[in-house]
Every structure is written in C-alpha cells, then in structure tokens.
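Worksheet: the structure to be examined is printed underneath.
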Amino acid sequence: MRFAVRSLVVLVICVSAFAVAGLKVGDPPGMQMQSFAEAFVASLDSDQKAKAMLPYDSDARVDWHFIPKKTRKGLVLRDMDVAQRTAALRLVRAALSEAGYDKTNKIMINESVLFKLEGDKRNWDRDPNKYYITLFGQPSNTGAWGLSFEGHHLSLNFVCRDGKMVDSTPQFFAANPATIMDDVDGPLGKGTRILKQEEDLAFQLIGSLSGEKLDAAVIAEDAPKEIRFAGEAQPAVGNPEGIPFGKLDPAQRKLLRELVSVYVDAVADDIAEQRRELIEASGWENVYFAWAGAKEPGIGHYYRVRGNDFLIEFVNTQPDASGNPANHIHAVWRDLTGDFDLPIK
C-alpha cells in the first residue's frame, strides 16, 4: 500500500506537468478533453478498451454512486501501466480546475489513510488506484460523448457535445476522515481537511444568523443521515427551503456567494464561469440556504443551497474510521437543468 500511494503521488505530479505542457492556450475544455481522451484510448489494448469504452446511450452512463463497491463500470487505474494511468488522469485533469483536481487527488490518497485506520477490521479494499474511468461514445468534435471518473467517495461525470463540455454533473466529493485526527504516514498528515472550505464557510454563515433569519434557515433539528437522491440520475428536488438570499445582510450574502463558489470552481475555469453566469441570469434572489442539525463541529450537521438551476447538498453525520463522531463528509453539486445532459423530467 505504501508503494501504491507513493506511485500515485508521483503520477499526479507528472500529470500536472503533462497537462500544462500539452494544452494549447485558448483551447476550451471540451477540445482539451477530446485530445486527451483520444491519447488515452490509443494507449489501451483491446481488452482494456472493452472495459473503458461503452456506448453513449448505455444505462451505465447515468448509473453513478460513491459507496465502496467490489467493482464498477469502466477500467480501473490499478489495471493500467504508468503511461496509461498518466493518460487517464491527464484527461480527468483537463475537465477540472486546479482546486478540483487537488481535491480529487487527495480523496484518492485518503483511501490509504482509511487502510491504516481500519486495519484488519476493514470490509473493503482501500486502494488509491481503485478508481475507474469510462468513456461513453467516441470522443469527437461532432456529436456527444461522456466521461465518468468514479470510485469510493468520488463521482465526476461530464458530457461533451460538438467539441464543447455541456454538462459536468453529478459532481460528488467526500472525505472520511473529514479531519485526520490520527498520526498517519504519507502525504495527508494529521490535521488534513480535504473539504475544509465546504464546511467552514457554511458554519460561518449559520453562525451569523439569529432570530427570524435563523428560524427561516433551519429546516430540521436533526441532520439527515445522507444527502438526498444519491445515485439517482435526474431527481425531482422539490421546492426550495430555508432563507432566501435577499433576506441576508451584505456580509451574509458574501459568505453564501463564497460557499457556492467553492462548488462552482471545481471544474475547468471556462465551465465554472458558465455556471456562475447561469446563477446570475437566474437571479441570486432565487437562491436559498437551508440548515439542519448542530451548529458546531463534531455533531451531525447538514446544509443545502438551492437555486433555480443548481442544488448543493452537504452532510456530516457519520463517524470516521476511528469512531470520532460527525467526521465523515459527503458533498454534491447537481445541475437542475439536466444532470448528464438529460432532459428535465
């Protein structure tokens, strides 16, 4: 396991360098992804291609989840050689921002932390290279094709059409432990918080509310055990709940904007800007912030942010691998105009 983690860290460094060297200035994310997808496919043998490439209309394209599984759709990193893994991660890097790729990398490496903390009692493989990449359809600048990169606590899904990235959801990140409280060897040491901003900004916002504002924001005394709609392709999310943006004071509005930006900015810059423009066009007055559970760390808490075109959900209720309460985060960004580039139901 120590060798696997070291190999992954070295590989991630190489991928970052290759990505910067290989991109053309001004190329949009969809074109970059296409170039890297073609290079990845060219590196595979026939058996690997059979696993890595599925039809665009395959049911597997919208079959997503973040729970540990014995196997998943696609080709797993650990069944690739170093060059192939480099090509695969270079493709994933092209779809994400620097911040988004950093989270992805750390979530994968966090499997080695779980491996150490769970010890012989573990029920699942904890392997930083047990992440699967799948291409749906033929990467091309005409027509549609999709990309999935998924494993425990990570599900990233993209659709490109006519050379442009047209969807980038569901976007799911998670962390167990949310805060590493034990002394562990490796690149993620004690005190590491992979999803720090997602939690701290929300705590700051709920902590700034009082009176009628707090009453409006809190939708339940107890946090739910899980985000809603996990694994569903295009859920009917219902009406917004909580306190609307317009009821917040300027400092609170700034906090909510910053919180939303953490999720928005996980993808490539051009796509993040499109997300931001869509929120502005739909109107921040239609954005709601809702909270459930405790208003301090270490006790179960949950929030959601709902706009006309997006949904954020965050939950931290489960204990970590060492038994520390509420130290296990799940966080998701959904596109209410159509996850997986699907039509709205």
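The values are calculated or read from the model by the stated rules, or taken from the named source; none is laboratory data. Worth saying up front: this structure is predicted, and the values here are computed from it rather than measured. FYI the Cβ positions are ideal-geometry reconstructions off the backbone, even for glycines, and counts take in every protein chain you see.
Key figures for this structure:
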| quantity | calculated |
| --- | --- |
| Of residues in region 212-233 being assigned to a helix (DSSP H, G or I) and in contact (Cβ under 8 Å) with a residue 12 or more places away in the chain, the one surrounded by the most Cβ atoms within 10 Å (Cβ to Cβ) | ALA217 |
| Where a residue in region 265-277 is closer than 11 Å to PRO29 by Cβ and its partner, wherever it lies, is surrounded by fewer than 21 Cβ atoms within 10 Å (Cβ to Cβ), with Cβ under 8 Å and at least six apart | VAL267/SER97; ALA268/SER97; ASP269/SER97; ASP270/PRO28; ALA272/SER97; ALA272/ASP265 |
| Qualifying residue in region 123-140 (condition: modelled with pLDDT under 95, assigned to a helix (DSSP H, G or I) and of a type outside the set (Phe, Trp, Tyr)) | no |
| Flag if GLY338 is within 22 Å of the chain's Cα centre (by Cα) and on the phi > 0 side of the Ramachandran plot | yes |
| Any hit, region 191-211, residues being surrounded by fewer than 16 Cβ atoms within 10 Å (Cβ to Cβ), part of a loop (DSSP other than H, G, I, E, B) and polar (S, T, N, Q) | yes |
